[in-house]
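Notes follow once the structure below has been shown.
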Amino acid sequence: MLHFLLKNALMFNKKTYIQRRSTLKKSIGSGLLLFFGNDESGCNYADNTYPFRQDSTFLYFFGLPYAGLSAVMDIDNDKEIIFGDELTMDAIVWMGAQPALREKCDGAGISDVQPSKELENYLKTALCKGQTIHYLPVYRPEHQMKLWTLLHVMPGNETPSVDFVKGVVNLRNYKTAEEIVEIEKACVVTADMHLTMMQTVRPGLREYEVAAAVEAVAGTHNCRLSFPTIATINGQTLHNHFHGNSIKSGDLFLLDAGAETEMGYAGDMSSTVPADPVFTARQRDIHDIQLACHEASVAALRPGIRFEDVYDISAQVIVEGLKSLGLMRGDVTEAVAAGAHALFYPHGLGHMMGLDVHDMENLGEIHVGYNGQPKSKQFGRKSLRLARILEPGFVHTIEPGIYFIPELIDQWHAEKRLEAFINYDKVITYKNFGGIRNEEDYLITETGARLLGKKISKKAEDMEELRMENGE
């Protein structure tokens, strides 16, 4: 046997997966829980596939990072089954020998392994018995097609089980000690990615040269990217994945990038530095306001505080700072309540993080970040991905930002929107500024919060000193 060609995937002890499944089944009580793993997906033809990534909930409960698997937890009949197929000889010729599927599943504490074709028969039998079949929201076309084929659910007419969603969220939201170890690994590598950016950026380079240096750090630690890298001189565009611009003197460079460990756990950080060795006076002013906002947000983190209240603190610090520069005016509390800060800060303060960089976003923010409570419809505030009361075991980001988005400024200016709080005559002189975001990852503990990964000082003088040390 040549199993050494591809060893079993890195997993937690099988007791972890057995306990997770047991807790989930008890929380739901009855019925059948249907899990779809992900399949390979062709990039531009079938055999040229995108890098495979297993569904995170499937990974959480079964730990198996292999394509083509489905699973059932039949609560009523006390069965746990993996459905999948052994490799054909053609596959072995191209991929090399691997452990048998039954051997792989043993690592997750699953002994009942059946061919993929048996899933349809199993579900038909369950339906005939009147069992409730629970499934989660789908986010891939192949999952929609499987629901159509197996359960006759038309694409677009899915009715995911709210109980199933809540059961998963109430487990995955609370990170265990072994999960924290994995997340910390990702955060350490992520910090190194950002240090590399700070040591690399200079006028004359292209954005993609910096992105390449950053992404190489992940690769050298056997990590993948937890999301597509944002590496841009146009930081005012919140999710900017274009890397073709030349970096010029006077630019700000914003990096939002993270590593994902072999087990699938994510890191997520942002950093903003000047292209030149030092900040300009205007850049330093805005940077220091953003840093004060960030530090005030971190200082407020503790169990029992509502994250939306931390967001309000962050917004108030931004308003105070922008008032000091003449960009805003009026009462700070009233300005935040009215949403005037969102002209400069149009997104939320942070999001849950774990096996997904935006943890469980496919299951719905209303359950993950709001504990079932309604979301605001106010511009800016409606983009909060996390608003609920913080609890020990939560892992989330802190990432306030300040941006000058020309199109948004022009629209609000033309509408005279919230001009009691915004000095548009001054704001329009900043339309070519760009944006600043700095981001860290935190674990809520029993007494407060702990930074995950290594600390990178965001103080302007420390960032400038680092740049100088590297020949700037």
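The values are calculated or read from the model by the stated rules, or taken from the named source; none is laboratory data. The structure presented is a predicted model; accordingly, all values stated were derived computationally and were not measured. Note that each Cβ is placed from the backbone with ideal geometry, even for glycine, and that neighbours are counted across all protein chains shown. Note: accessible area is taken over every heavy atom of the protein model, side chains too, but ligands, DNA and RNA are not part of it. Shrake-Rupley method; radii C 1.70, N 1.55, O 1.52, S 1.80 Å.
Computed from the alpha carbon atoms alone, the convex hull of region 230-383 holds 145 Å³ per residue.
Probe radius 1.4 Å, ligands and nucleic acids left out: which of C128, C223 has the largest accessible area, and how do the rest follow?
Putting C128, C223 in descending order of accessible area: C128, C223.
Of W94, W148, W412, the order by accessible heavy-atom surface (1.4 Å probe, DNA, RNA and ligands excluded), from most exposed downward, is W94, W148, W412. When the P(r) is computed for region 314-400, the part past 22 Å accounts for 33% of the Cα-Cα pairs. Set the Cα radius of gyration of region 296-342 against 2.2 N^0.38 Å, with N its number of residues, and you get 1.19.
Take the solvent-accessible surface of the protein heavy atoms, probe 1.4 Å, and return the percent of it on the chain that carbon and sulfur atoms account for.
The computed percentage sits at 53.
With both residues required to sit in the chain, DSSP beta bridges show an antiparallel share near 85%. K117 sits with roughly 150 Å² accessible to a 1.4 Å probe, with DNA, RNA and ligands left out of the calculation. Structure shown: which of K26/K382; K323/K455; K129/K375 lie over 32 Å apart, alpha-carbon to alpha-carbon? Check vs 32 Å cut-off fails for K26/K382; K129/K375. Accessible surface area normalised per residue over region 291-353 is 31 Å², counting heavy atoms of protein chains with a 1.4 Å rolling probe.
Calculated on C-alpha atoms, the gyration radius of the chain divided by its Kirkwood radius gives an Rg/Rh of 1.01. Accessible area ranking (1.4 Å probe, heavy atoms, ligands and nucleic acids excluded), largest first, for L325, L343, L225: L225, L325, L343. Projected over all directions and averaged, the alpha-carbon convex hull of region 54-136 occupies 5.9 nm².
Pairing the Cα long axis of helix 162-172 with the longest principal axis of the chain, what angle in degrees results, from 0 to 90 and rounded to the nearest 10? Once rounded, the angle reads 70 degrees. Using a probe of 1.4 angstrom and keeping all protein chains present, the accessible surface of region 1-86 works out to 49 square angstrom per residue. With a cut-off of 14 Å between beta carbons, the residues surrounding A387 carry a summed charge of +2, where Lys and Arg count +1 and Asp and Glu -1. Of the whole protein surface, F379 contributes about 60 Å² of accessible area at a 1.4 Å probe radius. To the nearest ten degrees, helix 460-469 and the longest principal axis of the Cα atoms of the chain are 80 degrees apart. Kirkwood hydrodynamic radius of region 17-161, from the reciprocal of the average inverse Cα-Cα distance over all distinct pairs: 16.1 Å.
With all distinct Cα pairs included, what does the Kirkwood hydrodynamic radius of region 336-470 come out to in Å, to one decimal, could you say? For region 336-470, inverting the mean 1/r across all distinct Cα pairs yields 17.2 Å. Relative to the longest principal axis of the Cα atoms of the chain, the long axis of helix 177-200 makes an angle of roughly 40 degrees. With the helix formula -39500 (n - 2.57) applied to DSSP H stretches of n ≥ 4, the chain reaches a computed 222 nm mean residue ellipticity of -11500 deg cm²/dmol.
Evaluated at 25 °C with a viscosity of 0.890 mPa s, what Stokes-Einstein diffusion coefficient in µm²/s does region 110-236 have when Rh comes from the Kirkwood expression over alpha-carbon pairs?
127 µm²/s
If I stretch the segment between D39 and K416 completely, what's the gain in nm (0.36 nm per residue apart, minus their alpha carbon distance), one decimal? Taking 0.36 nm per residue and subtracting the Cα distance, the gain is 130.7 nm. About its Cα centre, the dipole of the chain is roughly 760 debye, where the only charges are +1 on Lys and Arg Cβ and -1 on Asp and Glu Cβ. The residues of region 133-285 expose on average 40 square angstrom of accessible surface per residue, using a 1.4 Å probe on protein heavy atoms. The accessible area of T16, taken with all protein chains in place and a 1.4 Å probe, comes to roughly 20 Å². For region 181-317, the Cα-based Rg and Dmax, in that order, read 16.0, 48 Å.
If one puts a single equal scatterer on every Cα of region 351-415 and applies the Debye formula without solvent, what log₁₀ I(q)/I(0) results at q = 0.23, 0.29 Å⁻¹? For the requested q values the scattering log ratios are -1.01, -1.33.
Classify region 129-203 as rounded, prolate or oblate from the Cα gyration tensor: take a ≥ b ≥ c as the square roots of its eigenvalues, call it rounded if a/c is under 1.5, otherwise prolate when a/b beats b/c and oblate if not. Taking the square roots of the gyration eigenvalues as a ≥ b ≥ c, region 129-203 is oblate.
Here the average projected area of the convex hull drawn through the C-alpha atoms of region 391-460 stands at 7.3 nm².
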